[in-house]
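A.B. asks: Okay, here's the structure, questions in a sec.
The values are calculated or read from the model by the stated rules, or taken from the named source; none is laboratory data. Only a predicted model underlies this, so the values are computations on that prediction, with no experimental measurement involved. Methodologically, a virtual Cβ is constructed for each residue, glycine included, from the backbone with ideal geometry; neighbour enumeration extends over all protein chains shown.
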């Protein structure tokens, strides 16, 4: 009663409650709020079947890609994460030497250009597939001579730690890589 007296005396603001909402309306409203909250992040068991596969380690096994430009065409190197885990730590020796990775890249480049001897290696990158245990190389080659004013040419191939190169696709002028 003390609160009611304080409200009547004007010491506390009077609170108005909406009492005409039926139980059915309240249930519908609550269900709507629950759907909105749950729709923000679907549990992984409800992911659609057409999404990339989900492995037991909690990582999506998505391929990695690099785009290059050779002879005025766009090339895409795509490397799938290997199914066999080949863990590596930075304190360990590389499973494939940089010269071996360059040879693999040159072999892939020779499928696109007639003379790969006019190309030099300009970049070696080691990367991890997401947060997983597998690693890969990205080896970039560029021609010794570049035409000024033209788009710079380069060729990047991805190589997993077992020495397997990724697929290299040459795209036409109207193709878009996905």
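A.B. asks: Being more than 19 Å from residue 94 (Cα to Cα) and in contact with a strand residue (DSSP E or B) (Cβ under 7 Å, 6 or more places away or on another chain) narrows it down to one residue among 120, 159; which is it?
C.D. replies: 120
To keep it simple, each residue is scored yes or no on (1) touching a helix residue (DSSP H, G or I) at 6+ places or on another chain (Cβ under 8 Å); (2) at pLDDT 95 or above; (3) surrounded by 11 or more Cβ atoms within 10 Å (Cβ to Cβ).
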{"residue": "66", "(1), (2), (3)": "no, no, yes"}
{"residue": "72", "(1), (2), (3)": "no, no, no"}
{"residue": "116", "(1), (2), (3)": "yes, no, yes"}
{"residue": "124", "(1), (2), (3)": "yes, yes, yes"}
{"residue": "130", "(1), (2), (3)": "no, no, yes"}
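A.B. asks: Another one. Mind listing whichever residues of segment 81-109 are over 15 Å from residue 163 (Cβ atoms) and touching a helix residue (DSSP H, G or I) at 6+ places or on another chain (Cβ under 7 Å)?
C.D. replies: Hit for segment 81-109 is 109, nothing else.
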